[in-house]
Amino acid sequence: MLEKTSPIDAADIAGRLGLMQAGLDMVNQGFTIIDTDLRLVAWNRTFLEMLEVPPELARFGMPFEAFMRCNAERGEYGPGDVEAMVAARVNAARAFEPHYFERVRPNGRTIAVRGEPLPGRGFVTIYTDITEQRRIEQLIRDQNAELERRVQERTQALARSEERLRLITDAIPALIASLDRGLVYRFANKGYADWFGRRKEDLVGRPVAEILGPQLYAELARHIERALEGETVSYEYAALQADGQTLYASNTLVPEFGPDDRVSGIFVLSSDITEQKRAQAALLQAQKMDAVGRLSGGLAHDFNNMLTVVIGNLVPLQELLGGTAALEDYLKPALMASRRGADLIRRLLTFARQQPLEPRPVEIGALVGSLELLLRRSLPERINLRTLLHRTPLLALTDPHQLENALLNLALNARDAMLGGGELTIDLDRRRIDVEAAQEMEISAGDYVHITVSDTGAGMDAATLAHALDPFFTTKGFGSGSGLGLSMVYGFARQSGGALRLSSVPGRGTEVELLLPESAVPAAAEDEVIALADSATNRYLVLLVEDDPEVRKIVRMQLTDLGYPVIEARDGAEALRVLDSVAEISIVVSDLVMPGGVDGRLLANRVRATRPGVSVLLMSGYPNELTKDGEDLALLSKPFSRQELSEALERCVR
């Protein structure tokens, strides 16, 4: 007696069909089933994408004839009568016979179409994109045809023809080689031989394992075995050169078949992708810098506002109570830590290239000479400092304060790497960068001032060197460094239009090369800072605009200490109302970023339009917000001291 089985409900059937369809959609070949009435009953997504089937045709029951007409009308079958081409293909399909053909689509892709009849006189068709396969096969056929043709030429012309072929393959910017089944080189062009640091004559007749070396051969053996089994294989690999440089290649192994249809050898076609890998690494570094820039920008405004309040309260407190030794012990460290915090924000922004620089022509020899005394005081006696200045003055277009900070950072890094003593050398020179080198370093070709800072310290291994310029990366113990020293120098060099190159050998020391654009304009003398006299300041009424009450309190206190009478406004809208009613206002000191729709920039534009005699000084905790191309505004970055505020006001009212 037959055992009853439980019925399968419609939901279960739908679920299984959906699972089957999902599986078919993942296949990288197109798939269709046509029933006995030549109507579409099943297909997958690859079929629709590969043949660019219009969405309105992808429906159950769609006639086969509709697909043929669509293809004929858009030129898939070439020129001719559309109806005739459609009828021929429909009549052929009604025969339900196995078929295979290849068709080149208008987009250049070659599609292999294989159809097999099904029980009940339907058929299933598989569509395969064989463009790359046919290209490689054509390449092999072309090479074989060329070889056969040359064999048939006269003996006296053979040597000349072979030499010409060698010249062609050597000139092709590709790495080409051929191996027999025993993995012995039969041919190699110059590019392939140069890649391995050999002469092409030295490769022919030698085993591939010997040329690749045991480590690289072990890495590539699985790809070679697949090629020997008749499969075309593509992959990438890295090769370490004798000079220590790592090169990258994209490799394709194409099996060569003999008369017996067995693999008789392997064609090797490679291309050097080292520059591509370097570009990818540069992009990754740029993305890292962008991420740090966004982080720095988000933090800078709030931190600088807080530090403005802290420093603004500590400075007058120190002036009032500084005579007490106990208070000095507390106030000085607090003030020093606050200023270090402000400096850390500036260093972050410098790394991210968001800290505005003040470049000007600087005589580098004089700058290094003035810095030498400070460096000698910063280095222990066991470290010898050498400065090799150029015989003629070297002028660079750079920010002198940032350059001093960069050189100091490099010197302190070198000090920490020479705990047992050693020698620190600062060498100055002029260097012309050609187009090829400029492209590699992503700078403009031209003349640069070349500053080399080298030490004889512990050096860095390859893993450490690879991350040395990353922000917050440090090999020092916790609390011994921020990890921003080298990254800040790198950011400063890039922002200055120059470059930084870092090389190191474990046990032999580290060398940092800093390139800065040379300036043809002579260095100017330092500007003298002229302080405001009390009698002058009392004539200027200041409108202070700041939405943070604590910051507003500190800036007001600094202004009154400088002798300025002050009117306060909480935002830009209130400031505009005050300006309309108080004609005596001479200076507007305003925060740049404020709520309410009227920020500092808009306020400055309104003041210029309605009160052209009133000066405007903008202040911000995020220096990158301060300027835009084409603007001419008086600017002040938070946090600032009373003296810096005084100098900014002096420049503003001149």
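Quick one: would you say Ile33 is surrounded by 12 or more Cβ atoms within 10 Å (Cβ to Cβ), over 27 Å from Arg135 (Cβ atoms) and of a type in the set (Val, Ile, Thr)? Walk me through it before giving the result.
Working: surrounded by 12 or more Cβ atoms within 10 Å (Cβ to Cβ): yes; over 27 Å from Arg135 (Cβ atoms): yes; of a type in the set (Val, Ile, Thr): yes.
For Ile33, the condition - surrounded by 12 or more Cβ atoms within 10 Å (Cβ to Cβ), over 27 Å from Arg135 (Cβ atoms) and of a type in the set (Val, Ile, Thr) - is met.
Candidates Asp434, Asp461: the one that is surrounded by fewer than 14 Cβ atoms within 10 Å (Cβ to Cβ), of a type in the set (Asp, Glu) and modelled with pLDDT under 85 is Asp461. For Gly596, the conditions (1) in contact with a Gly (Cβ under 8 Å, 6 or more places away or on another chain); (2) outside any loop (DSSP other than H, G, I, E, B) are fulfilled apart from (2). Checked against (1) within 48 Å of the chain's Cα centre (by Cα); (2) outside any strand (DSSP E or B); (3) polar (S, T, N, Q), Thr32 meets all criteria but (2).
For the subset of the range 38-82 comprising residues that are in a loop (DSSP other than H, G, I, E, B) and among the small types (Gly, Ala, Ser), which member is modelled with the highest pLDDT? Full working, then the answer.
Residues of the range 38-82 in a loop (DSSP other than H, G, I, E, B): 38, 44, 51-54, 58-62, 74-81.
Filter again for among the small types (Gly, Ala, Ser), leaving 58, 61, 75, 78, 80.
Working: Ala58: 87, Gly61: 90, Gly75: 87, Gly78: 85, Gly80: 87.
Here the residue is Gly61.
Taking the range 568-586 as the search range and keeping residues that are of a type outside the set (D, E, K, R) and in contact with a strand residue (DSSP E or B) (Cβ under 7 Å, 6 or more places away or on another chain), which one is farthest from Leu541 (Cα to Cα)? Even if it seems obvious, please write down each step before you answer.
Here is the first cut: in the range 568-586, the ones of a type outside the set (D, E, K, R) are 569, 572-573, 575-576, 578-579, 581-583, 585-586.
Within this subset, residues satisfying the condition of being in contact with a strand residue (DSSP E or B) (Cβ under 7 Å, 6 or more places away or on another chain) are 569, 572, 575, 578-579, 582, 585-586.
On the way: Ala569: 13, Gly572: 18, Ala575: 14, Val578: 12, Leu579: 11, Val582: 10, Ile585: 5, Ser586: 5 Å.
Looking at residues that are of a type outside the set (D, E, K, R) and in contact with a strand residue (DSSP E or B) (Cβ under 7 Å, 6 or more places away or on another chain), I get Gly572.
Under 20 Å from Gly265 (Cα atoms) and at pLDDT below 85, is that true of Glu210? No; evaluated as a whole, the condition is false for this residue.
Would you check which residues across the range 403-439 are more than 30 Å from the chain's Cα centre (by Cα) and farther than 28 Å from Ala520 by Cα and list them? Selection gives Arg415, Asp416, Met418, Leu419, Gly420, Gly421, Gly422, Glu423, Leu424.
Quick grid of which residues meet (1) touching a Leu at 6+ places or on another chain (Cβ under 8 Å); (2) surrounded by 15 or more Cβ atoms within 10 Å (Cβ to Cβ); (3) at pLDDT 80 or above:
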position: Leu395; (1), (2), (3): no, yes, yes
position: Ala406; (1), (2), (3): yes, yes, yes
position: Arg415; (1), (2), (3): yes, yes, yes
position: Leu419; (1), (2), (3): no, no, yes
position: Gly422; (1), (2), (3): no, yes, yes
position: His450; (1), (2), (3): yes, yes, yes
position: Leu486; (1), (2), (3): yes, yes, no
position: Gly498; (1), (2), (3): yes, yes, yes
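For the range 230-249, filtered to residues that are surrounded by fewer than 14 Cβ atoms within 10 Å (Cβ to Cβ) and at pLDDT 75 or above, the residue that is nearest to Arg181 (Cα to Cα) is Gly230.
When residues in the range 109-121 are screened for being under 14 Å from Leu51 (Cβ atoms) and assigned to a loop (DSSP other than H, G, I, E, B), 1 of them pass.
For the range 130-173, a residue qualifies if it is modelled with pLDDT of 70 or more and in contact with a helix residue (DSSP H, G or I) (Cβ under 6 Å, 6 or more places away or on another chain), and exactly one does: Arg150. For Ser178, the conditions (1) surrounded by fewer than 16 Cβ atoms within 10 Å (Cβ to Cβ); (2) at pLDDT 85 or above all hold with the exception of (1).
Within the range 485-514, residues that are within 21 Å of Leu419 (Cβ to Cβ) reach partners that are part of a helix (DSSP H, G or I) with beta carbons closer than 6 Å, at six or more positions or on different chains, in the pairs Gly485/Asn409; Gly485/Asn413; Ser504/Leu465; Val512/Leu410.
The values are calculated or read from the model by the stated rules, or taken from the named source; none is laboratory data. Treat the numbers as computed from the prediction; the structure is a model and nothing was measured. Please note: Cβ atoms are built from the backbone with ideal geometry, for glycine as well, and neighbour counts cover all protein chains shown.
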